[in-house]
Amino acid sequence: MKIPFSPPYIDDDVRKEVEETLNSGWITTGPKVRSLENEISKYTGIQNVLCVNSWTSGAIMILKWLGVKEGDEVIVPAYTYSATALAVMHCGAKPVMVDVDSEFLITVEGIRNAITARTKAVIPVDFAGWPCDYLSITKLVCEPSVKAMFIPESEIQMKLGRIMVIADAAHSFGAKQNSIPAVSISDISIYSLHAVKNLTTAEGGAICLNLPEPFNNLDAYKYLRMMSLNGQTKDALAKNEAGGWRYDIIMPGLKINMPDICAAIGLAQIKKYDFLLAERKRIFNLYSELLQKHSFFQLPPHDNDSQSSSYHLYPLRIWNITESQRDQMIEEIAKSGVAVNVHFIPMPMLTLFRDLGYNIEDFPCAFDNYSREISLPIYPQLTNEQVVYIVKSVTEAYSKISSGNK
Ligand SMILES: Cc1ncc(COP(=O)(O)O)c(C=O)c1O
């Protein structure tokens with residue numbers, strides 16, 4: 001049996017929506033993007049949502065808008081995809097890496113210890129779709145002693161008067177904290193709509209604006225929309241209107257708008273997202289039910305009274321194995337036709353960051369999580385029989401490598 005790791009969910013409704021866009025004569029940013037923004041807004045309860053062409057580009061734009069620059073620091077977990085830190089570096093600032101806990105998440109205390117007078121933002125990462133504790137993180141950045149350390153250097157920073165909380169919600173579309181969408185707690189959350197994500201536009205990102213008073217989120221949306229279009233006062237659709245040719249450029253913006261042809265895919269998917277999420281939950285729960293029978297497996301964090309996942313990944317860990325035994329297990333699993341993955345190689349282990357002086361020894365929990373982790377396939381199209389097969393394949397791989405060590 002061949003089981004891919006994460007194929008996109010493409011059904012007839014997706015095909016129909018894409019075809020309709022092709023036939024409409026308008027394929028770049030236009031009505032489909034607006035509709036997708038409205039649908040994300042309805043789903044999350046966040047009124048102002050801006051779609052862009054990736055999480056990465058959206059994060060760079062938000063940090064630039066915040067006025068993050070050389071000499072500034074932004075706190076990120078060491079255990080994430082590099083885009084989280086690269087966005088910071090593209091603004092000239094320093095990503096300050098913090099170790100994670102056994103649930104793969106940055107902690108409030110970790111953030112507290114990393115805050116300096118240079119800190120402008122913190123980017124917690126909802127690893128695997130498991131949301132960070134944004135209530136506590138927001139409380140921390142609002143503490144009088146933490147606010148007193150903050151040195152605002154841009155108009156936006158002055159308006160906010162504290163460290164900005166930007167959620168890396170790349171994995172967590174549909175995740176909840178205290179029964180509300182996790183995005184309604186942080187200042188800004190950015191979803192990734194990349195091909196392997198729960199909701200996709202092939203490539204894409206969605207920025208949810210939830211800025212506190214005295215911000216006007218609609219004004220921020222309008223400004224950022226222009227910023228995502230070269231700082232141009234009119235989008236292509238408006239310029240395309242008869243007589244609508246004249247425009248102005250009012251800032252050195254980026255060119256990171258989402259095209260309608262991409263939005264069409266996400267639009268078809270979001271209309272059935274409740275179903276898609278329930279299917280992911282089915283797979284997640286079935287894995288947990290089958291894997292918990294073996295004491296050598298460590299299951300990922302499970303929904304509780306205050307948090308629920310978007311089930312983006314199933315990050316299984318195996319107790320008491322080394323990194324090379326984990327690698328051997330993946331090779332064994334591959335022999336049975338099952339594609340698995342590892343999330344993530346901690347950033348300090350990657351050449352770029354190592355060369356900059358980050359050292360994995362400073363992040364023991366990130367290394368421990370990584371060295372024992374195997375991400376199992378999880379997506380709506382997986383059948384229960386396939387899940388049973390995957391569990392059998394993983395269990396046999398463990399038996400093989402553990403018997404080899406006796
Ligand atoms: C945690 C995390 N943050 C950010 C990104 C970047 O997303 P994108 O590919 O949409 O730029 C990813 C992508 O995999 C991710 O996993």
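The values are calculated or read from the model by the stated rules, or taken from the named source; none is laboratory data. Note that the structure is a prediction, hence the values are computed from the model and not measured. Don't worry about glycine lacking a Cβ; one is built from the backbone with ideal geometry, like all the others, and counts go over all protein chains shown. Calculation scope for accessible area: heavy atoms of the full protein, side chains included, ligands and nucleic acids excluded. Shrake-Rupley method; radii C 1.70, N 1.55, O 1.52, S 1.80 Å.
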Close pairs (8 angstrom Cβ cut-off, 6 or more residues apart or separate chains): more than 13 Å from Phe127 (Cα to Cα) in the stretch 157-185, basic (Lys, Arg) and assigned to a helix (DSSP H, G or I) anywhere: Gly161/Lys147; Arg162/Lys147
Top-ranked residue of the stretch 163-179 - restricted to ones that are touching a Phe, Trp or Tyr at 6+ places or on another chain (Cβ under 8 Å) and not in a loop (DSSP other than H, G, I, E, B), ranked as farthest from the ligand (Cβ to nearest atom): Gln177
Residue in the stretch 267-284 that is touching a residue at least 40 places away in the same chain (Cβ under 8 Å), part of a loop (DSSP other than H, G, I, E, B) and under 24 Å from Lys42 (Cα atoms) present: yes
Residue identified as under 26 Å from Ile106 (Cβ atoms) and open to solvent by 70 Å² or more (accessible area, probe 1.4 Å) among Arg354, Arg326: Arg354
The stretch 180-193 - residue that is within 15 Å of the ligand (Cβ to nearest atom) and either in a loop (DSSP other than H, G, I, E, B) or at positive phi (or both) and, of those, farthest from the chain's Cα centre (by Cα): Ser186
Residue in the stretch 154-197 that is farthest from Pro377 (Cα to Cα), counting only those that are out of contact with any strand residue (DSSP E or B) (no Cβ under 6 Å at 6 or more places or on another chain), among the polar types (S, T, N, Q) and open to solvent by less than 10 Å² (accessible area, probe 1.4 Å): Gln157
In the stretch 357-382, the residues that are of a type in the set (A, V, I, L, M, F, W, C) and either open to solvent by less than 10 Å² (accessible area, probe 1.4 Å) or outside any helix (DSSP H, G or I) (or both): Phe363, Ala366, Ile374, Leu376, Ile378, Leu382
Hits in the stretch 309-367 - residues which are under 18 Å from Ala83 (Cβ atoms) and among the β-branched types (Val, Ile, Thr): Val342, Ile345, Thr351
Single condition Lys222 does not satisfy, out of (1) within 19 Å of Ser35 (Cβ to Cβ); (2) touching a helix residue (DSSP H, G or I) at 6+ places or on another chain (Cβ under 8 Å): (2)
Verdict on Pro214 being of a type outside the set (Asp, Glu) and surrounded by fewer than 21 Cβ atoms within 10 Å (Cβ to Cβ): yes
Pick from the stretch 299-323, criterion surrounded by 17 or more Cβ atoms within 10 Å (Cβ to Cβ) and away from the ligand (no atom under 16 Å from the Cβ), ranking: nearest to Ala366 (Cα to Cα): Arg317
Residues located in the stretch 124-149, provided they are in a loop (DSSP other than H, G, I, E, B) and either of a type in the set (Gly, Ala, Ser) or crowded, with 19+ Cβ neighbours inside 10 Å (or both): Pro124, Asp126, Trp130, Pro131, Cys132, Asp133
Evaluation of Met158 against (1) assigned to a strand (DSSP E or B); (2) away from the ligand (no atom under 16 Å from the Cβ); (3) of a type in the set (A, V, I, L, M, F, W, C) (one fails), failing number: (1)
